[in-house]
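**Student:** Sharing a structure here in structure tokens format.
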Amino acid sequence: MVSTHSAKQNHILAALPAEDLARLQPDLELIPMPLGWAVYESGGRMSYVFFPTTSIVSLLNVMESGASAEIAVTGNDGLVGISVFMGGESTPGRAVVQSGGNGYRLKATALTREFATGGHLQHLALRYTQALITQMAQTAVCNRHHSVDQQLCRWLLLSLDRMENSELVMTQELIANMLGVRREGVTEAAGKLQKDGVIQYSRGHISVLSRAKLEARVCECYAVVRSEYDRLLPYRPTI
């Protein structure tokens, strides 16, 4: 049976010239990225960078108490492990798979070797990092100034942009942990969206029924992040 997996399902890898991707191909390893898997932990030295294809990864900051909040989300639009090429080698945050699927991992040594050429992967990775920083900054503003309803809409849209379908497997408790808010707030916000026919929620499964209605309710933070990604990374896979 022919595999349907392709490194080009990741937008960064898909944007590489054929010869660059061919050079990386022997070092790219397809791996499962199951729901809840910690891609990296706080302070851990990173031996790989990861290019999600059908999975979505939450980047979290964790407090001493164990409480956490999501600062960004990444999926087929980017990569996980920017500290490998930014020079830090580790980070105080952690990365956890929020939607299970697959991805490709690349050894840090292979990435460093490729970066030394100053080629397309370096260019794309740095532009992606700028877009990611924008998302982190806008998330901080959103969490401070906007309602839980708006934050939930932003989170759903960012997730949808990185998915192959319109259904997420995510409990309200996990969403509350991601957003850094009380579970009751997420329950109320999700209830409003369901009542108005925007989503359908049942036993940890969220189906988005109307993207247009989500976009009508979300704060400006989503548009800021989306436009910056489109400006810096106007690439789509050509599988």
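The values are calculated or read from the model by the stated rules, or taken from the named source; none is laboratory data. Owing to the predicted nature of the structure, the values given are computational and were not obtained by experimental measurement. Using ideal geometry, Cβ is built from the backbone for each residue, glycine included, and neighbour counts are taken over all protein chains shown.
**Student:** Out of the residues in segment 186-213 that are crowded, with 17+ Cβ neighbours inside 10 Å and under 19 Å from the mean Cα position of the chain (by Cα), state the one that is nearest to residue 35 (Cα to Cα).
**Tutor:** The extreme case among them is 206.
**Student:** Please determine whether any residue of segment 133-147 is within 16 Å of residue 10 (Cβ to Cβ) and assigned by TED's automatic domain parsing to the domain that holds residue 37. I'd like the intermediate steps shown before the answer.
**Tutor:** Initial filter on segment 133-147 (within 16 Å of residue 10 (Cβ to Cβ)): none.
No.
**Student:** Here's a follow-up. Please pick out the residue among 34, 17, 26 that is closer than 24 Å to residue 163 by Cα and of a type outside the set (D, E, K, R).
**Tutor:** Numbers: 17 fails: closer than 24 Å to residue 163 by Cα; 26 fails: closer than 24 Å to residue 163 by Cα.
Answer to the check: 34.
**Student:** For segment 10-24, enumerate the residues that are hydrophobic (A, V, I, L, M, F, W, C) and touching a residue at least 24 places away in the same chain (Cβ under 8 Å).
**Tutor:** Going residue by residue through segment 10-24, those that are hydrophobic (A, V, I, L, M, F, W, C) are 12-16, 18, 21-22, 24.
Listed by number, the residues that qualify are 12, 13, 14, 15, 16, 24.
**Student:** What number goes with the only condition from (1) of a type in the set (Ser, Thr, Tyr); (2) out of contact with any Asp or Glu (no Cβ under 8 Å at 6 or more places or on another chain); (3) crowded, with 17+ Cβ neighbours inside 10 Å that residue 47 does not pass?
**Tutor:** All conditions pass for residue 47, except number (3).
**Student:** Would you mind finding the one in 86, 178 that is outside the structural domain of residue 76 (by TED's automatic domain parsing) and among the hydrophobic types (A, V, I, L, M, F, W, C)? Explain how you work it out, then say what you get.
**Tutor:** Details: 86 fails: outside the structural domain of residue 76 (by TED's automatic domain parsing).
Going through 86, 178 in turn, just one is outside the structural domain of residue 76 (by TED's automatic domain parsing) and among the hydrophobic types (A, V, I, L, M, F, W, C): 178.
**Student:** Taking segment 148-185, which residues are of a type in the set (Gly, Ala, Ser) and either surrounded by fewer than 18 Cβ atoms within 10 Å (Cβ to Cβ) or over 19 Å from the mean Cα position of the chain (by Cα) (or both)? Please lay out each step first, then the result.
**Tutor:** Of segment 148-185, the ones of a type in the set (Gly, Ala, Ser) are 159, 166, 176, 180, 185.
Within segment 148-185, 166, 180, 185 meet the criteria.
**Student:** Which one of these is outside the structural domain of residue 179 (by TED's automatic domain parsing), in a helix (DSSP H, G or I) and in contact (Cβ under 8 Å) with a residue 60 or more places away in the chain: 157, 106, 124? Show your work before the answer.
**Tutor:** Working: 157 fails: outside the structural domain of residue 179 (by TED's automatic domain parsing); 106 fails: in a helix (DSSP H, G or I).
Sole residue among the options that is outside the structural domain of residue 179 (by TED's automatic domain parsing), in a helix (DSSP H, G or I) and in contact (Cβ under 8 Å) with a residue 60 or more places away in the chain: 124.
**Student:** Hey, could you check segment 179-227 for residues that are of a type in the set (Gly, Ala, Ser) and at positive phi and say which is modelled with the highest pLDDT? Please lay out each step first, then the result.
**Tutor:** Within segment 179-227, the first condition is being of a type in the set (Gly, Ala, Ser), and the residues that meet it are 180, 185, 189-191, 197, 202, 204, 207, 210, 212, 216, 223, 227.
From what is left, the residues that are at positive phi are 180, 197, 204.
Working: 180: 69, 197: 89, 204: 76.
Applying the filter and picking the extreme gives 197.
**Student:** Any residue in segment 25-52 that is within 30 Å of residue 64 (Cα to Cα) sitting within a Cβ distance under 7 Å of a residue that is in a loop (DSSP other than H, G, I, E, B) and of a type in the set (S, T, N, Q)? List the pairs, counting only those 6 or more apart or interchain.
**Tutor:** 33/55; 43/90; 44/90; 45/90; 46/90; 51/10; 52/10; 52/76
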